[in-house]
Structure formats: C-alpha cells, structure tokens
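In what follows, a structure is listed as structure tokens, so that the remarks can point back to it.
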Protein chains: 2
Amino acid sequence: MNKETEFITTPITREDIPQLDNIELLFFAYRDFVGDADRILAEYGFGRAHHRVLYFVNRKPGLTVAELLEILQITKQSLARVLPQLIQSDHIIQATGTNDRRKRLLYPTRKGRDLVLALSAPQSRRIDNAFKSTGRNADTLVMKFMKAMIGKATGN
Amino acid sequence: MNKETEFITTPITREDIPQLDNIELLFFAYRDFVGDADRILAEYGFGRAHHRVLYFVNRKPGLTVAELLEILQITKQSLARVLPQLIQSDHIIQATGTNDRRKRLLYPTRKGRDLVLALSAPQSRRIDNAFKSTGRNADTLVMKFMKAMIGKATGN
DNA sequence: AAAATATGTCAGCACTATTGACATAAATAT
DNA sequence: ATATTTATGTCAATAGTGCTGACATATTTT
C-alpha cells in the first residue's frame, strides 16, 4: 500500500493567493507596531487589553461601559479583569451618569492621559517615518485603503 | 483638602498624536483581517498560533523548528503545544534532516496546504477588495508603506 | 408592581505565551 | 576519544486575555 504520506515541497505563491505578499507585510507591520507599546506596557505591568481600554477612554472621555464593550467587542467579564486595575492605578475614573444613574461614565485622569500619550507616541512615530519613505499623498491613499479593509468579510 | 481627583473630559486629538487616525484604522483593519481566518480556524479547533505555524511551513516548506521560532518570535515551549497538534491532525509532517540529522524539517501535507489556502482566501479577498476601492497604483504605495512599517522602533 | 436595562461578580474553562530546568541525540571541537 | 555545542523535546509553573453561564444589585421604564 502506497502510504508514503504525501509531502509538499513547493511554497505557496501569488498563484495560490493573490495578496500573499500583502498578507505577510500586514502581519509583520502589525506585530512591530504593537510591539512599540508592549515594551512600555510591560513597565507598568499592563497588557494590550489595558492599552485598548485606556486608548478608547481617552479617545471618547465619558463613554459608558456598554459603549466600551461594543467598541472592543469583548464581554463584560473580560473587561472586569482589566478595568478595575486601571481604576485602582488611578489611570481611569468612573462617574455615575447624571441622566441615567445606572450608567458608569469612564474618564481618564491626568495620569491616564499621560500614559496613553506615551504609549501612542512611538506608534505615531513609526507611522510618520513610514510615510516619509513613501513620498507625497501616500497618506490619503493608505488611509483610504485601511478604511476599505474594515468591516465584515465579503462573500465574493 | 482639594482632592477632587482631576477628570479629563477632552478627547485626545491629532494635536496630541499626529497619526491618531491611522493608529485606529490599523487597529480595526487588522482586527477584521484576522477575524476572517478566526472563523475558519474555530471549525478545526485551532487558534491563531496554529494558523501562523501552518502559514510559514507552507511558505517555506522544509524549514527547521529553529527557523520557525525565529520567524514567529516565540519560544520553543510555545510551539510545543501547537506543532504536535498540527502533526497529529496530518496538516504538517516532520522529516529528519539529511545533512544534519538533529534537525526536523517541516513540510505541509496536501491537507495542510488545502487548509492554509482556505484560511488565506478570505484575507486575500479582503485586501483585493480594499484595493479596488482605492484606485490605481495604490498597491505599490501601500506595499511600500507596509515595508517601511516593519522593523525596530526608531528613537526619533 | 413588574419588567427591562446597566453594571458587577463568581466560578470555571480555553488558548497563547512566558521562564526555568532538565533530557536526548547528533554534530563539532579539542 | 572525550568534551562541548547545537537542535530539539518535555515537564512544571505562571501570566494575560478571552469565553460561557449564573446570579446579584441598582435604576429606569412600562
């Protein structure tokens, strides 16, 4: 019986996957991009989840817990490990809603603002530097591309 | 004592972080991009780690364990959970090196090749569609940008 | 008064990744 | 020939992030 367990020795190519190169580039670009923040987060004993929460609270101060969950697409239980830590470390403050007192509005403190700026700085720099090497109006085009990348998968 | 615990109510802006919009776009773009594969992986009981291993073994059939660890930037112990599963499920085969018999050369099977193609297809489609909406020569420019995004962080 | 909403919390599980320590086989150096 | 280095594997413990299900509390709406 021919049970030679078929090896494949040829690599996948653009023939197989048209956007092969870009898939790979996106993978490495994102890895190095988040790596910038990871190094700083580690000093605080925080992880990426902390970063994301801190980021969106700074982006939209006063947002509610439900809104945050919606943006991050995580569950309440996941947030429950991370948010209390950010509150206890005085990076985020919770305020009871005035209209609806069930709601918890999330605000950054000065400390929280400072940290998010420190985390974003190297990422912003990396993008800035990348644009410098791509020449004029790359900015507009890349943004257009990125926007088009966002959303549910298409069937075709 | 004025311990009003200073709130910050203003959002961060492009003033604070020049590439704010692109940071966000990259975050959402990547999330949806990997989401394409996540749905398929879940059917096989695999995670992203399996995907990455399978991808690079298909990209460079015959690569060694050490090379794979180098590319993925993970430790041997992390791979030790994932690789045996892919071997047992007949997606990857290990062959002893001929020159150096300490080495384990990793090859995809037919099944492994088929799976990596199935995983990459929706990702490739997403990128393709994104380019359709950005017009001509976006491809070259975006690739140039992505390449420039890769590497160690810069000090400036 | 009853139902719905917003949030919190407890318990348990899964996946990915880490470090440190130790083991084995094979190649290389002395 | 012996010693060391290299490539890989494995065991044990820990951390971070996410999930589901169940239940509790406060507040608002019906």
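The values are calculated or read from the model by the stated rules, or taken from the named source; none is laboratory data. Nothing here was measured: the structure is a model prediction, and the numbers come from that model. Note that we place each Cβ from the backbone using ideal geometry, even for glycine, and neighbour counts take in every protein chain shown.
Couple of notes before you dig in:
- Residues that are within 11 Å of another protein chain (Cβ to nearest Cβ), in a helix (DSSP H, G or I) and within 14 Å of DNA strand D (Cβ to nearest atom), drawn from segment A:58-106: A:Ile71, A:Leu72
Rundown of residues vs (1) aliphatic (A, V, I, L, M); (2) under 30 Å from A:Lys111 (Cα atoms); (3) more than 12 Å from the chain's Cα centre (by Cα), yes/no style:
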site	(1), (2), (3)
A:Ile12	yes, no, yes
A:Gln19	no, no, yes
A:Asp32	no, yes, yes
A:Ile40	yes, yes, yes
A:Arg52	no, yes, no
A:Phe56	no, yes, no
A:Gln73	no, yes, no
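- All positions within segment A:93-106 that are within 23 Å of the chain's Cα centre (by Cα) and farther than 17 Å from A:Lys76 by Cα: A:Ile93
- Counted residues, segment B:46-65 - those being touching a residue at least 12 places away in the same chain (Cβ under 8 Å), surrounded by fewer than 18 Cβ atoms within 10 Å (Cβ to Cβ) and within 9 Å of A:Ile12 (Cα to Cα): 0
- The number of residues in segment A:1-43 that are closer than 20 Å to A:Arg125 by Cβ and aromatic (Phe, Trp, Tyr) comes to 3.
- Residue count for segment B:132-153 satisfying the condition of being surrounded by 13 or more Cβ atoms within 10 Å (Cβ to Cβ) and either facing another protein chain (nearest Cβ under 7 Å) or among the hydroxyl-bearing types (Ser, Thr, Tyr) (or both): 14.
- Qualifying residue in segment B:107-121 (condition: of a type outside the set (A, V, I, L, M, F, W, C), without any contact (Cβ under 8 Å) to a residue 12 or more places away in the chain and within 8 Å of chain A (Cβ to nearest Cβ)): yes
Residues checked against (1) aromatic (Phe, Trp, Tyr); (2) at pLDDT 95 or above; (3) touching a Pro at 6+ places or on another chain (Cβ under 8 Å):
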residue: A:Gly45; (1), (2), (3): no, no, no
residue: A:Val53; (1), (2), (3): no, yes, no
residue: A:Lys60; (1), (2), (3): no, yes, yes
residue: A:Leu68; (1), (2), (3): no, yes, no
residue: A:Gln94; (1), (2), (3): no, yes, no
residue: A:Gly97; (1), (2), (3): no, yes, no
residue: A:Arg104; (1), (2), (3): no, yes, no
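- As a summary of the residue check, B:Glu67 satisfies the conditions (1) under 18 Å from the mean Cα position of the chain (by Cα); (2) of a type outside the set (S, T, N, Q); (3) under 29 Å from A:Ile127 (Cβ atoms) except for the one numbered (3).
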